[in-house]
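A quick write-up on the structure given underneath.
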Amino acid sequence: PRSTRARAADRARPARDQCGASRYGVAVLGALVALAAFAVMEPVTYAAHRWVMHGPATRLHRSHHLHVARGVVPRVEANDAFPVACSVVVLVALAAGYRVAGLGLLVPACVGVTAYGAAYLLVHDVVIHRRWIPARRRGVPPRAWSRLADAHLRHHLGGGEPYGMRSEEHTSELQSRF
């Protein structure tokens, strides 16, 4: 039998996973992977918007631009196929992260991608386009978001830049074109 002192020393050590890494180290690594995935999603979204949605998938994405041009705020539009398709990819990656040995970092990566998707939904669809808000409460986007909303409106009017969610820095460049 182990002595009381040996058992106390075991409790004082951080718990380790099967690979020998401490739980705290794994948690920190997971958080860093989630944050990195969140950050990487902005250029990925920019590229998908510019070269897929305004390229071969224009037919689906056009529904979004037409609704904005007409001043219509639909609950569902053909453009919603893009986030649905992305969520299917994330679900498959999440399942692989849980089930396949060695792919565990896919789980926090999927958390970061999902957090970005939630932020995009909130900023783009709720704040800027006022979707899923009762018609009587829609009004204009909050003042804090006005630069981003202006840049996004210019994208809808001109069909070009900005393609990303954090593209308000292009506003002065775009104002010179309109």
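The values are calculated or read from the model by the stated rules, or taken from the named source; none is laboratory data. In this text the structure is predicted, and so the values were computed from the model without any measurement. Quick reminder, even Gly has a Cβ in these numbers, built from the backbone with ideal geometry, and neighbours come from all protein chains shown. Note: areas computed on protein heavy atoms with side chains; ligands, DNA, RNA excluded. Shrake-Rupley method; radii C 1.70, N 1.55, O 1.52, S 1.80 Å.
For the reader, a short list of remarks on this structure follows.
- Modelled label positions at Val76 and Leu103, each set 7 Å beyond Cα in the direction of Cβ, lie 3.0 nm from each other.
- Linear extension gain, Ala93 paired with Glu42, 0.36 nm per residue minus alpha-carbon span: 16.5 nm
- Within region 68-91: backbone nitrogen closer than 16 Å to the Arg59 label point (7 Å, Cα to C-beta): 78-82
- Accessible surface ranking that places the most exposed of Cys86, Cys110 first, with a 1.4 angstrom probe: Cys86, Cys110
- FRET efficiency, Val52 to Val28 (Cβ-Cβ, R0 41 Å, nearest 0.05): 0.75
- Measuring with a 1.4 angstrom probe and ignoring ligands and nucleic acids, His54 comes out at about 60 Å² accessible.
- Ranked order, Arg62, Arg23, Arg130, Arg50 - accessible area, probe 1.4 Å, largest first: Arg23, Arg62, Arg50, Arg130
- Most to least accessible of Thr58, Thr114 (protein chains only, probe 1.4 Å): Thr114, Thr58
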